[in-house]
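> Handing you this structure, nothing more for now.
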Amino acid sequence: MKNIVFYLLVLLLVSCKNETTKVGSKESNLTIKTLNFEQLEPYLHRNDDKTYVVNFWATWCKPCVEELSAFEKLYDNYKDKDVEVLLVSLDFKKDVETRLMPFIKKHDLQPEVILLDDVKENVWIPKVDETWSGVIPATLIYNKEKRSFYEQSFNYEQLINEVQQFLN
């Protein structure tokens, strides 16, 4: 009986760990964390002096792909101004190696990319924001004093205008 409990405990611990997927050469060292929502949730509620821009997107979503350059430019221009950009991919886990990783490499995305692998959308979507219908692209911008959610596409100027409201 003790062996069965031990093996069940080990199985539980192994199945709950974060996964990291690597692709490319040793020089590129491209990695993506694969998290369920419970593991992602702390990224959505940090309480420090930074402003966080969290974009929910997927490689199969044309408006998402079109707006990524705005988030990349925001990352480049504001990384030294206490603004952190996080790209949360809603791609399918089975497509990480064949679609997501090659996309990130081809577009040389610099912000951190996390794959959200959680099929309980009806549970976690309202936890991101009560008003979110689940449509992507969607973006959460927050800091310790303010929080706003956007179910829309952004160009760079629109994105900067929103982020500036958090920095003043």
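> Filter segment 131-156 down to residues that are of a type in the set (Val, Ile, Thr), within 27 Å of LYS94 (Cα to Cα) and open to solvent by less than 40 Å² (accessible area, probe 1.4 Å), then give me how many there are.
Going through segment 131-156 one residue at a time, the tally reaches 2.
> Taking VAL163, is it open to solvent by 30 Å² or more (accessible area, probe 1.4 Å) and out of contact with any Lys or Arg (no Cβ under 6 Å at 6 or more places or on another chain)?
Values: open to solvent by 30 Å² or more (accessible area, probe 1.4 Å): no; out of contact with any Lys or Arg (no Cβ under 6 Å at 6 or more places or on another chain): yes.
It is false that VAL163 is open to solvent by 30 Å² or more (accessible area, probe 1.4 Å) and out of contact with any Lys or Arg (no Cβ under 6 Å at 6 or more places or on another chain).
> A further question on this structure: Tell me which of these VAL128 doesn't satisfy, since it passes every other one: (1) aliphatic (A, V, I, L, M); (2) closer than 16 Å to TYR75 by Cβ; (3) surrounded by 13 or more Cβ atoms within 10 Å (Cβ to Cβ).
For VAL128, the failing item is (2).
> A further question follows. Within segment 82-122, how many residues turn out to be hydroxyl-bearing (Ser, Thr, Tyr) and open to solvent by 60 Å² or more (accessible area, probe 1.4 Å)?
Of the residues in segment 82-122, 1 are hydroxyl-bearing (Ser, Thr, Tyr) and open to solvent by 60 Å² or more (accessible area, probe 1.4 Å).
> If we only count strands (runs of 3 or more DSSP E) wholly inside segment 76-162, which ones have 2 or more residues that are more than 15 Å from THR34 (Cβ to Cβ) and at pLDDT 95 or above? Break it down stepwise before answering.
Working: elements: 83-89, 112-116, 138-142, 147-150.
The strands (runs of 3 or more DSSP E) meeting that bar are 83-89, 138-142, 147-150.
> While we're on this one: Residues to consider are LEU115, LEU86; find the one that is among the hydrophobic types (A, V, I, L, M, F, W, C) and closer than 23 Å to LEU167 by Cβ.
Details: LEU115 fails: closer than 23 Å to LEU167 by Cβ.
One residue alone meets the criteria, LEU86.
> Considering LEU12, LEU30, which residue is in contact with a Gly (Cβ under 8 Å, 6 or more places away or on another chain), modelled with pLDDT under 95 and farther than 28 Å from LEU167 by Cα? Walk me through it before giving the result.
Working: LEU12 fails: in contact with a Gly (Cβ under 8 Å, 6 or more places away or on another chain).
Checking each option against the conditions leaves just LEU30.
> OK, next. What do you reckon, is GLU66 open to solvent by 20 Å² or more (accessible area, probe 1.4 Å), closer than 20 Å to THR139 by Cβ and touching a residue at least 60 places away in the same chain (Cβ under 8 Å)?
yes
> Same structure, new question: Within segment 49-56, is there a residue that is free of Cβ contacts under 8 Å to residues at least 60 places away in the same chain and surrounded by 14 or more Cβ atoms within 10 Å (Cβ to Cβ)?
Start the filter on segment 49-56 by keeping residues that are free of Cβ contacts under 8 Å to residues at least 60 places away in the same chain, which leaves none.
Checking segment 49-56: not a single residue is free of Cβ contacts under 8 Å to residues at least 60 places away in the same chain and surrounded by 14 or more Cβ atoms within 10 Å (Cβ to Cβ).
The values are calculated or read from the model by the stated rules, or taken from the named source; none is laboratory data. Note that this is a predicted model, so its numbers are computed, not measured. Because the Cβ atoms are built from the backbone with ideal geometry, glycine has one as well, and the counts that use them run over all protein chains shown. Note: areas computed on protein heavy atoms with side chains; ligands, DNA, RNA excluded. Shrake-Rupley method; radii C 1.70, N 1.55, O 1.52, S 1.80 Å.
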